[in-house]
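Structure, as structure tokens:
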Amino acid sequence: MVISKERPATKRDDVNLIQGQVDEPIYSGFLTKFYVKCGNTIVRAMKQHAKYYDEGPDIIWRDQVWLSWGAIDGYIVGVKTGVSG
């Protein structure tokens, strides 16, 4: 998954693309974990930093961002409610 402030320029039909707002960024040096609100759904994306010692996060809280990923690289995990276990 790729996270960016700009809409990715692609002509491919097999790329998923969704826009959202950063709800919570968590910077931990070598990577930043982003929780992105996309409508009623929260998507977690991670961005690894090549040079964590001189790269800070370029995407911050409340930024409008684009998430993109290959159509065959993702799947939805459903959650059953009301089931005790």
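Observations on the model:
- For the chain, lysine pairs with C-alpha atoms less than 22 angstrom apart, excluding pairs fewer than eight positions apart on the same chain, total 8.
- In this structure, the amide hydrogen of V15, modeled 1.01 Å from its nitrogen in the peptide plane, lies closer than 5 angstrom to those of A71, counting only residues at least 5 positions away or on a different chain.
- Cα radius of gyration and Dmax for the chain (Å): 14.8, 48
- Put a plus charge on the Cβ of each Lys and Arg, a minus charge on the Cβ of each Asp and Glu, and nothing anywhere else: the dipole of the chain about its Cα centre is then about 180 debye.
- Each of S28, V65, V79 was placed along the dipole of the chain (beta-carbon charges, centred on the mean Cα), and the one lying farthest toward the positive end is V79.
- Going by neighbour counts of Cβ atoms within 10 Å, the residues K5, K80, K47 line up, fewest first, as K80, K5, K47.
Every number here is computed from the coordinates shown, using simple stated rules; none is lab data. Only a predicted model underlies this, so the values are computations on that prediction, with no experimental measurement involved. Backbone-built Cβ (ideal geometry, glycine too); neighbour counts: all protein chains shown.
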